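Visitor: First, the structure itself, so that you have it in front of you.
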Amino acid sequence: MASNGNLQVLNALDGAKTQWYHFTAIIIAGMGFFTDAYDLFCISLVTKMLGRIYYHQPGSSKPGSLPPNVSSAVNGVALVGTLSGQLFFGWLGDKLGRKKVYGITLMLMCICSIASGLSFGSSPKSVMTTLCFFRFWLGFGIGGDYPLSATIMSEYSNKKTRGAFIAAVFAMQGFGILGGGIFAIIVSSAFNAKYPSSPYEIDPVGSTVPEADYVWRIILMVGAVPAILTYYWRMKMPETARFTALVAKNTNQAAADMSKVMQMEIKDKQSKVDQVVGKPSNSFGLFSKEFLKRHGLHLLGTTSTWFLLDIAYYSQNLFQKDIFSAIGWIPAAKKMNAIYEVYRIARAQTLIALLSTVPGYWFTVFLIDRIGRFKIQLLGFAMMTIFMFSLAIPYDHWTLPQNNIGFVVIYALTFFFANFGPNATTFVVPAEIFPARLRSTCHGISAASGKLGAIVGAFGFLYLAQNKDPAKADAGYPAGIGVKNSLIVLGVINFLGMVCTFLVPESNGKSLEEMSGENEEEEEITEQV
């Protein structure tokens, strides 16, 4: 045993200089998140087009749109699938190993992403049903990628730049959003040039050309391509040394695997501790009093902060279409044909992503190991709270046409500080602070808590933000508390996130075994032996 209680192979990983294998691991792990963000981004474009194609009302002054229950199902079923996948694959990753489960999640994502675009049926109901079926299993695969990618990256990293590497995997979501937007712009431009049509108000039927049905299918299916390209390398990655040594208890294999990866000789004798003690030295389970004592507050901190963040983060997306329309970025739906509408929405959302979302992710990557996870998360929640109240309290002021640009700037800043803040850190920290044999499970639980918040944010606020006057509420929705009061509620939620951040320990610059307490456990057993 090394002097600090760690095995030599783990010390080698902790002290390693940044090498090529670190960057290949980021790309291999990050491509799952590229597909995840690409899909969640593109579905908002797709739902508009699906409404026009399958729910056209003859004689209506407005283009067809998905009924509220269908819209909720199409958008929400992937979130439910993701939540389920996070719990299941998180647990499986600790039982079977990270690598064995990793390929399954990627293939599930690729197959279901392609299948979503092949949704079939002779009626709108059957097309929506098959789309929802494939999107659930797509979400299930995406869900598995959260705990496995975070855990693999944390266990491959050195302790000096571990935060940046895990955050870089998560930041691939930013490229997924950009990739989705740019591809949607290209496809819609090409189809609109090839199959031009009049706006809806001039020709309600002709504004949605038959070829529009190919547009949404192509956009959905292409998201699988980057993930498919990394499948071979994902299968070639060896199991992480920490799982092999600390969970499977095979230190010789861990040393051999990492010798190949790091291109250096690492020798570790099989731990005498394991030969003397029949069961693992740190054997307490997830539901034990010992876990509750050591990590109970940590798990409460990671689950609560992720839950509160995602309520705010996903509900913000609801206001995008209203904001874009108000400032003239997107004309009224009736003034566009179906394909051109996809182009305009994609262009507007891509611009927001380019100016606020993507920079926020990479600010975190560059600064997380310099100023720490705790400070970034606290700052992010604090700024989101301030900006949300800045939008809410003088809301009537922002609705005036001359003040729309100011509203968009503050709105973009809330997205920036979500990504340079809790959206990144809530992903990083659960992969660092729990024991190796429970790391993937605890990350899965934390991520699932976040997706539960996303469901509350996306659907609870869809109803909550409706106009107080039932006559002014969107078709099919009851009266709500209005946008102003909804923004105040979101401000309070962000403040609670700031408070719950104090339950999460700072892991900056420490080894995974220091954070989880596994060093202490190994030393105690060694002394007993």
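Visitor: Taking Phe23 as meeting all but one of (1) over 19 Å from Arg162 (Cβ atoms); (2) open to solvent by 60 Å² or more (accessible area, probe 1.4 Å); (3) within 29 Å of the chain's Cα centre (by Cα), write down the number of the exception.
Guide: (1) is the only condition that Phe23 fails.
Visitor: So is Gly372 at positive phi and not basic (Lys, Arg) or not?
Guide: For Gly372, the condition - at positive phi and not basic (Lys, Arg) - is met.
Visitor: Return yes or no: is Val429 under 15 Å from Gly301 (Cα atoms) and either assigned to a helix (DSSP H, G or I) or among the hydroxyl-bearing types (Ser, Thr, Tyr) (or both)?
Guide: yes
Visitor: Suppose we filter region 375-418 for residues that are within 14 Å of Ser356 (Cβ to Cβ), among the small types (Gly, Ala, Ser) and open to solvent by 10 Å² or more (accessible area, probe 1.4 Å); how many remain?
Guide: 1
Visitor: Looking at (1) open to solvent by 10 Å² or more (accessible area, probe 1.4 Å); (2) under 27 Å from the mean Cα position of the chain (by Cα), which is the only condition Leu220 fails?
Guide: (1)
Visitor: Determine the pairs where a residue that is among the aliphatic types (A, V, I, L, M), located within region 124-149, has a partner that is open to solvent by less than 30 Å² (accessible area, probe 1.4 Å) and outside any helix (DSSP H, G or I) with Cβ atoms under 9 Å apart, the partner being 6 or more residues away or on another chain.
Guide: Matching pairs, first to second residue: Val127/Ser119; Met128/Leu66; Met128/Ser119; Leu131/Ser119.
Visitor: So, in region 445-480, how many residues would count as being under 15 Å from Leu391 (Cβ atoms) and either assigned to a helix (DSSP H, G or I) or without any contact (Cβ under 8 Å) to a residue 24 or more places away in the chain (or both)?
Guide: So the answer is 1.
For (1) modelled with pLDDT of 90 or more; (2) assigned to a helix (DSSP H, G or I), each residue gets a yes or a no:
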{"position": "Ile323", "(1), (2)": "no, yes"}
{"position": "Pro331", "(1), (2)": "no, no"}
{"position": "Tyr343", "(1), (2)": "yes, yes"}
{"position": "Thr350", "(1), (2)": "no, yes"}
{"position": "Leu354", "(1), (2)": "no, yes"}
{"position": "Leu367", "(1), (2)": "yes, yes"}
{"position": "Gln377", "(1), (2)": "yes, yes"}
{"position": "Phe387", "(1), (2)": "yes, yes"}
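Visitor: Hey, another quick one. Which members of region 43-65 meet the condition of being hydrophobic (A, V, I, L, M, F, W, C) and open to solvent by 20 Å² or more (accessible area, probe 1.4 Å)?
Guide: Ile53
Visitor: Follow-up. Being of a type outside the set (Phe, Trp, Tyr) and open to solvent by less than 20 Å² (accessible area, probe 1.4 Å) is the filter; apply it to region 180-200 and report the residue that is farthest from Thr24 (Cα to Cα).
Guide: So the residue we want is Ser188.
The values are calculated or read from the model by the stated rules, or taken from the named source; none is laboratory data. Keep in mind the model is a prediction, meaning the values are calculated, not measured. Because the Cβ atoms are built from the backbone with ideal geometry, glycine has one as well, and the counts that use them run over all protein chains shown. What goes into the accessible areas is simple: the full protein's heavy atoms, side chains included, and nothing from ligands, DNA or RNA. Shrake-Rupley method; radii C 1.70, N 1.55, O 1.52, S 1.80 Å.
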